[in-house]
């Protein structure tokens, strides 16, 4: 093959790569993963079933009383919940498997956490959400049950509030 007969190769290859990137971006945006069907156990033994959360915007926050970032972000999580609960936000704070239940109950009561608090004593919830090991890890789930955003570490709260505003409108 001569150099001139290969001239079409670069533009054709670029078009194929560009089409692949476009397809990947389209499918990534349109195939957000569904949140796992997990039934949480609240600190008083109550069940928080997927059916209780269906059709709502939900924040699921994996945290631990021994996690300094988790403890530091909790006042902003409380403010976020209080700001959006009237618009339909549900919030489940899921204590990690290694967190002693009595510590979680004490923290919940002394800080007067206004949202649902669950214990993941077996680690099954963290595993179902993609093997969560880093705390805090927070998921925002849309009304359709798809994960809109995953935050590892403390979220940027202004951006989180904007996302919640948009999700709660839809």
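Summary of values
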quantity	calculated
Matching residues in the stretch 38-75 - criterion: being in a helix (DSSP H, G or I) and surrounded by 14 or more Cβ atoms within 10 Å (Cβ to Cβ)	50, 52, 53, 69, 70, 71, 73, 74
Strands (runs of 3 or more DSSP E) wholly inside the stretch 78-170 containing at least 1 residues that are touching a helix residue (DSSP H, G or I) at 6+ places or on another chain (Cβ under 9 Å) and surrounded by fewer than 16 Cβ atoms within 10 Å (Cβ to Cβ)	none
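Laboratory data are not the source of any read-out in this text; all were calculated from the coordinates shown. Remember, predicted model here, so these are calculated numbers, not experimental data. Note that we place each Cβ from the backbone using ideal geometry, even for glycine, and neighbour counts take in every protein chain shown.
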